[in-house]
Amino acid sequence: MQIQVVAVGWQMYELTGDPLDLGLVGLAQFAPSLALLFITGSIIDRFDRRLVIIVARAMEAAASASLAVGAWGGDLTPEWIFAAVFAIGCARAFDQPASQALVPRLVPPEMLSRAIATSSSTLQVAMITGPALGGLIYLAGSGIVYACSALLFLLASLLMVWVKEPRVRAPLPPFSLTYLFAGLRFIRSKPVLLGAISLDMVAVLLGGATALLPIYARDILQTGPEGLGALRSAPAIGAIATAVWLARHPLQKRVGRKMLVAVACFGAAMLVFAVSTSVVLSVMALALTGAADMFSVVIRQSLVQLETPDDMRGRVSAVNTVFIGASNQIGEFESGVTAAWFGPVESVVLGGIGTLLVVAIWTSRFPALRNRDSLMPGSLSGS
């Protein structure tokens, strides 16, 4: 996925030169998660989660292969790219929540936060190497990039055949509207979950600048596709270092406050990136955003999975995925719109300031999150 992201962003900007189109790419990928929200969660809770992941990744492989065909034939247009990205978004609407819901069935509860940190670190390895490889492979042609992505999606699908679920699921209730909306109602009934998920969503929605990296690379930092790959890899460098540390030193105390501080650090780092004209300083600032975001991710994902019964994890994870998608894909759209209106630097500055304001508001509005002591349900800090 990360190899392909570089090619899609760079090629779209080459074809249109419009920052708004970079934002629309993110919107096209997010829209299916929102439209299919209640369908995906219900399917994941009622069917073999491994099979859902296998089929979804095969669909992602097919969409990537279509981009390769278009690039090699010289027929690739912005509309073609939007259609392929939309198809990938449909597949990921099933892939992501199914993957999240599967993890707690593979490890005991007391090891879940370490498992999430470990799996996140392996994901960050891909996020480090993927964009860098994508930028380098792009020099040989965008079709090669898309073909590599298609093969890797297919391999990821096939590898799921060997994953085994050791525990038997409880019987499921009859299918109904109540069943469909149960995940959303569950999150609304849990102030800690609602606060953690919405904090991450709003902060990254405002503070993210991923869609603008092609503009920063080419127009502000005066670099090429390889520089873009380095910028996209930088957050993963900070994230993997944090994930490795968290896998060895699981969070034990004051997790709510640590999440709030981490999101504030994310906003401050984005302000540094916004005004930087140095590639080195920009990479360092983005690495710090990745480190701060990883703290937030591990805390949020652990809280969601530990607070949720297994027979509801698909529906709750589907809602969680929409919140994540809103922060990432709609955040890219928001960045594209504000960059078109005010300019790329001003867009990122406003986002960083907005993130810091959100942290202050959430600290006051969600005392249950602020006072959460450990990741296990029911714990409060002493002060």
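Only the coordinates and a few stated rules stand behind these numbers; no lab work does. None of these values were measured; they are calculated from a predicted model. FYI the Cβ positions are ideal-geometry reconstructions off the backbone, even for glycines, and counts take in every protein chain you see.
Residues K190, K253, K258, ranked from the fewest to the most other C-beta atoms within 10 Å, line up as K253, K258, K190. Its Kirkwood hydrodynamic radius, worked out from the mean inverse distance over all distinct Cα pairs, puts the stretch 43-125 at 14.6 Å.
As a footprinting exposure proxy, order Y146, Y13 by other Cβ within 10 Å, with the fewest listed first. Walk me through the intermediate numbers first.
On the way: Y146 28, Y13 22.
So the ranking, lowest neighbour count to highest, is Y13, Y146.
Structure remark: mean-square fluctuation, Gaussian network model of the chain, C-alpha springs under 10 Å; the largest value among R315, R50, R248 belongs to R248. Of the chymotrypsin sites (Phe, Trp or Tyr not before Pro) found in the stretch 44-84, those that fall in a DSSP loop while having at most 16 other beta-carbon atoms within 10 Å are F47. Would you work out which of L133, W72, P235 lies farthest towards the positive end of the dipole of the chain, given +1 charges on the beta-carbon of Lys and Arg and -1 on that of Asp and Glu, about the Cα centre? Selected residue: P235. Quick check: from the Cα gyration tensor, does the chain come out rounded (a/c under 1.5), prolate or oblate? Here the chain falls in the oblate category. Ranking V275, V8, F94 by Cα position along the charge dipole of the chain, where only Lys, Arg, Asp and Glu carry charges on their C-beta atoms, puts F94 farthest toward the positive end.
May I ask for the Kirkwood hydrodynamic radius of the stretch 255-375, worked out over all distinct Cα pairs and given in angstroms to one decimal? Across the stretch 255-375, the inverse of the average 1/r is 15.7 Å.
Placing unit charges on C-beta atoms (Lys and Arg positive, Asp and Glu negative, everything else neutral), compute the dipole magnitude of the chain about its Cα centre in debye, rounded to 20. Mind showing how you got there, number by number?
Values: 26 positive and 22 negative charges, 343 e Å.
Around 1640 debye, computed over the chain.
Within the chain, the selection of entire DSSP H helices by a Cα span of 30 Å or greater along the long axis and an average Kyte-Doolittle value of at least 1.6 returns 255-275.
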